[in-house]
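Comments concern the structure below.
The values are calculated or read from the model by the stated rules, or taken from the named source; none is laboratory data. Bear in mind that the values here come from a model prediction, so they are computed numbers and not experimental data. Counting neighbours? That spans all protein chains shown, and the Cβs are built from the backbone with ideal geometry, glycine included.
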Number of protein chains: 2
Amino acid sequence: MAEHTIIMQTTLQKLLEEKKYSTLRDILVTMNPADIAAIFDEMEAARLPLLYRLLPKELAADTFVEMEPEAQELLIRGFSDAELKDVLDELFVDDAVDIIEEMPATVVRRILAQAAPEMRTSINEILRYPENSAGSIMTTEYVDLSPTLTVAEAITRIRRTGIDKETIYTCYVIRNRVLMGVVTVKDLLLTSDDDTTIESIMSTNVIAVNTHDDQEEVAQMFSKYDFMALPVVDAENRLVGIITFDDAMDVMEEEATEDIEKMAAIIPSEKPYMSMTPFEIWKNRIPWLMLLMVSATFTGIIISRFESALSKLVILTAFIPMLMDTAGNSGSQASVTIIRGLSLNEIEFSDILQIIWKETRVAVLCGLSLAVACFGKILLVDYLILGSFAEVTMASPFLIIGVICVTLAITVLFAKVVGCTLPLFAKKLGFDPAVMASPFITTIVDALSLLVYFGVASLFLPI
Amino acid sequence: MAEHTIIMQTTLQKLLEEKKYSTLRDILVTMNPADIAAIFDEMEAARLPLLYRLLPKELAADTFVEMEPEAQELLIRGFSDAELKDVLDELFVDDAVDIIEEMPATVVRRILAQAAPEMRTSINEILRYPENSAGSIMTTEYVDLSPTLTVAEAITRIRRTGIDKETIYTCYVIRNRVLMGVVTVKDLLLTSDDDTTIESIMSTNVIAVNTHDDQEEVAQMFSKYDFMALPVVDAENRLVGIITFDDAMDVMEEEATEDIEKMAAIIPSEKPYMSMTPFEIWKNRIPWLMLLMVSATFTGIIISRFESALSKLVILTAFIPMLMDTAGNSGSQASVTIIRGLSLNEIEFSDILQIIWKETRVAVLCGLSLAVACFGKILLVDYLILGSFAEVTMASPFLIIGVICVTLAITVLFAKVVGCTLPLFAKKLGFDPAVMASPFITTIVDALSLLVYFGVASLFLPI
């Protein structure tokens, strides 16, 4: 697909240079807006307005919506007021809001000035909702029906007003703006008697979200109920907008990306990586790096405390990274599993005992098998092949290997239990569980595994 | 929502004990299938069949689809042949396939025996496609139209056959089974002239997927094009099925979970965490733990090589965990960002030079700020407050702190560059980039940071 885009771009560029505008137009109209936008985004800024003006009005608006903010801004700055108005008239309100959120203030003022009064009101209303709330991603263009309409009248109403609606397939039945029920076009088409009233076929078991609900919850409801659209109501159950499945998909993707970034100790950003400056990326990455670096002071202190012990048996130092990494990996396996389960609503805090019990059993299995494998590996590789224990005279090499393996098993157990409980407590206390992932767990587990290591070593070895 | 489920469950249980079946039924019919299924999944096995039989046929089938495989199997085993047939008749083919994939062979045979012959053929066809292919998640119940129909005839056809179709809103125009175009119910309803032919209003710019395309690509197409359904064609462009947005959403969620699991060194599983046994979880976690443990041999060897140097200046050991962790975190930030970008098709291999250049600049910013902060922190905390350098006589404490901070800056640079390039090369070579995440990067970066540490130390310190 990506290479296809590059080829297409070269063709278009050539046609543009040769001024074959009608051929260009013929090609573009066969394409999908998202594909045209991908090509336009890569075009030289100077060529963009000319190319864009070749598109017929509706395709132009659909393409505009799919483009990157940088290219959108460039185009808007080049538009005459009339051209801007034409684009705005074709946009859905939620798309207009998305664009406005990315534009500098001067461009926003121009957009609001050119938008039809009705759209301007809707835009301002949606902009008032907090970021990431259901209200901020909804659109106000839905089909509403009165409960007393007949099926035939409803179909007529849809035919008359449907062209400007984001979806016509789910219609909302309202009385005095209050949401009474939903009826789908499928229901309407499959009702054989045209005189049946909407009231008698509508479904009154309506699942709606509140304007202030979090967008993540909204996306979860789409994935649970398989809805095509979800109504958004205010505190008085009055219908104020709808959210369609395509916007829910975007939210799902965005939220998964956010979770992944948080798990990797990155402060999430809505901007795609390729269009971020190194300074912006630095700003999102440095806070956690700093915090985790400073908290490594604890591991430093622990090692310093055991400095004299370590200087007596330096070979113990060689296994510190392996112990810390294995414990860290074990812990992050558990934490990441729980974090994802919480995100998908598959796990909740009340499952905590069951989870700890399960992770304990997993940890015993993992710890034992790792300890056995580790014993074999050290014996074969480090003792026999590399001869790393040749200069050790203070204690039996087998005792030292034993200490390492026992430490491994214990730290894996600790790591798994810490890894599974921390995200659950974070959730319970209202923090974001995703932050309790690998880097955070690693820092705690590092200190734990050193303490266990030196504790076990002091117990069995003459240090 | 979860608490709401528990309360509902208690109410239902009480009503069930009191044998108030009609009240029970009255409550259940107002509920959404997904919510009923959530409650049923938590019910005692013995009560399940009775409760299930209270549901009206269609709601029963819709609820059945939403239930966990364990509960489904339990119900099927209790069904008479006639009951099983009733459920199957209400199911969509793709849902039936999903259920069959989770059932043991004996149950599968019963299902296939009771399914209508047409459904059986479709099920068998879908089961033939490789796992995770477009063919394996499609359904064969779509509305097809002949190009020569008029709008009025098409609407009549939809009204007649639509009840059994997964979606009626996107209709596929075919001639001799070959896909010619698509037409939506919106197009049909908004066409004012009933005698217009389908051919003249259909969109011929059809985006379709092949039966063997990967489901991840399919999900990406939904998120790119905002489709409600996507046609699936065979090698001869014959329409064989459709995939609807709700299935694409499930795939998106599944693929994100898989990526997250792989990034945490877990072998992905389709089973939810809460229904996996500790042994199953162990099987998914132990392979990477073993591999990463064994590969830590390298860090062990490096430390052993510098044993005598370390024994001269033991304080150097105290900073090994901080250096390794900070480098590991820096590397995984870069790798996870690139892996997610690749998954979302925002990044491709050809961007490699641009990415390395960007990460280099980010690394310089991160490395310098971390080094400065680290210098200050060691000076303040370790030197002044903790007095960790009190016994160091071999070299100036400032020189040692300098060595640590220079190492930090260099390893952050290495980590970021390794972190961003490995996933790109993995993708290029046809491996899964997600495997190149934190644990893998950490192992490489650990060894690198130790080499840099001892290298820089040997250069500037008398060891």
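When A:304, A:335 are screened for being without any contact (Cβ under 8 Å) to a residue 24 or more places away in the chain and not acidic (Asp, Glu), only A:304 passes. Within the set A:280, A:307, A:258, A:236, the sole residue that is surrounded by fewer than 22 Cβ atoms within 10 Å (Cβ to Cβ), of a type outside the set (A, V, I, L, M) and touching a strand residue (DSSP E or B) at 6+ places or on another chain (Cβ under 8 Å) turns out to be A:236. Counting only residues that are more than 7 Å from every other protein chain (Cβ to nearest Cβ) and assigned to a loop (DSSP other than H, G, I, E, B), the stretch B:237-285 holds 8 of them.
Each residue in the stretch B:111-126 was checked for being in a helix (DSSP H, G or I) and buried (at least 16 other Cβ atoms within 10 Å of the Cβ), and 9 pass. The set of residues in the stretch A:343-376 that are closer than 15 Å to residue B:292 by Cα, facing another protein chain (nearest Cβ under 7 Å) and surrounded by 19 or more Cβ atoms within 10 Å (Cβ to Cβ) comprises A:366, A:370, A:374. With respect to the stated conditions, residue A:293 is free of Cβ contacts under 8 Å to residues at least 12 places away in the same chain, buried (at least 17 other Cβ atoms within 10 Å of the Cβ) and facing chain B (nearest Cβ under 8 Å). Taking residue A:434 as the residue in question, decide whether it is small (Gly, Ala, Ser) and not in a helix (DSSP H, G or I). Taking the combined requirement at face value, the residue does not satisfy it. The set of residues in the stretch A:222-234 being at the interface with chain B (Cβ under 9 Å from one of its Cβ atoms) and either out of contact with any Phe, Trp or Tyr (no Cβ under 6 Å at 6 or more places or on another chain) or under 14 Å from residue B:32 (Cβ atoms) (or both) consists of A:222, A:223, A:224, A:225, A:226, A:227.
Might you check whether a residue that is assigned to a helix (DSSP H, G or I) and in contact with a strand residue (DSSP E or B) (Cβ under 8 Å, 6 or more places away or on another chain) occurs anywhere in the stretch A:69-92? Scanning the stretch A:69-92, I find no residue that is assigned to a helix (DSSP H, G or I) and in contact with a strand residue (DSSP E or B) (Cβ under 8 Å, 6 or more places away or on another chain), so the answer is no.
From the set of residues in the stretch A:303-325 that are among the charged types (D, E, K, R) and facing chain B (nearest Cβ under 7 Å), which is nearest to residue B:312 (Cα to Cα)? Filtering first and then ranking leaves A:307. Can you give me the number of residues within the stretch B:381-405 that are aromatic (Phe, Trp, Tyr) and more than 11 Å from residue B:318 (Cβ to Cβ)? Adding up the residues that qualify gives 2. All conditions but one from (1) of a type in the set (Val, Ile, Thr); (2) surrounded by fewer than 20 Cβ atoms within 10 Å (Cβ to Cβ); (3) under 24 Å from the mean Cα position of the chain (by Cα) apply to residue B:206; the one that does not is (3). Only a single criterion out of (1) modelled with pLDDT of 90 or more; (2) in contact with a Phe, Trp or Tyr (Cβ under 9 Å, 6 or more places away or on another chain); (3) outside the structural domain of residue B:34 (by TED's automatic domain parsing) is not satisfied by residue B:63, namely (3). In the stretch A:318-357, which residues are farther than 28 Å from residue A:221 by Cβ and outside any helix (DSSP H, G or I)? If the condition is that a residue be farther than 28 Å from residue A:221 by Cβ and outside any helix (DSSP H, G or I), then A:319 is the only one that fits. When B:170, B:161 are screened for being within 13 Å of chain A (Cβ to nearest Cβ), within 23 Å of residue B:62 (Cβ to Cβ) and buried (at least 20 other Cβ atoms within 10 Å of the Cβ), only B:170 passes.
Restricting attention to the stretch B:44-67, the residues that are within 33 Å of the chain's Cα centre (by Cα) and over 20 Å from residue B:99 (Cα atoms) total 1. From the list B:300, B:328, the one residue that fits, being more than 7 Å from every other protein chain (Cβ to nearest Cβ), crowded, with 20+ Cβ neighbours inside 10 Å and under 30 Å from residue A:437 (Cβ atoms), is B:328. Of all residues in the stretch A:25-54, those that are crowded, with 20+ Cβ neighbours inside 10 Å, hydrophobic (A, V, I, L, M, F, W, C) and either more than 14 Å from every other protein chain (Cβ to nearest Cβ) or in contact (Cβ under 8 Å) with a residue 60 or more places away in the chain (or both) total 2. Scanning the stretch A:217-229 for residues that are in contact (Cβ under 8 Å) with a residue 60 or more places away in the chain and under 16 Å from residue A:172 (Cβ atoms), we see that the one that is surrounded by the fewest Cβ atoms within 10 Å (Cβ to Cβ) is A:228. Step by step: first the residues of the stretch B:377-422, then only those that are within 19 Å of residue B:447 (Cβ to Cβ) and of a type outside the set (A, V, I, L, M), then the one that is surrounded by the fewest Cβ atoms within 10 Å (Cβ to Cβ). Which residue is that? My answer is B:421. Test residue A:407 against the stated conditions and say whether it is modelled with pLDDT of 90 or more, within 12 Å of chain B (Cβ to nearest Cβ) and part of a helix (DSSP H, G or I). Against the criterion (modelled with pLDDT of 90 or more, within 12 Å of chain B (Cβ to nearest Cβ) and part of a helix (DSSP H, G or I)), residue A:407 does not qualify. Within the stretch A:209-224, the set of residues being of a type outside the set (Asp, Glu) and closer than 17 Å to residue A:126 by Cβ comprises A:209, A:210, A:211, A:212, A:215, A:218. For the stretch B:185-216, name all the residues that are within 13 Å of chain A (Cβ to nearest Cβ), without any contact (Cβ under 8 Å) to a residue 40 or more places away in the chain and of a type outside the set (D, E, K, R). Within the stretch B:185-216, B:185, B:188, B:189, B:190, B:192, B:203, B:204, B:205, B:206, B:207, B:208 qualify.
Say whether the condition of being assigned to a strand (DSSP E or B) and surrounded by fewer than 17 Cβ atoms within 10 Å (Cβ to Cβ) is met by at least one residue in the stretch B:189-203. Yes: the stretch B:189-203 contains one or more residues that are assigned to a strand (DSSP E or B) and surrounded by fewer than 17 Cβ atoms within 10 Å (Cβ to Cβ). Scanning the stretch A:377-389 for residues that are facing chain B (nearest Cβ under 8 Å), without any contact (Cβ under 8 Å) to a residue 24 or more places away in the chain and not in a helix (DSSP H, G or I) turns up just one, A:386.
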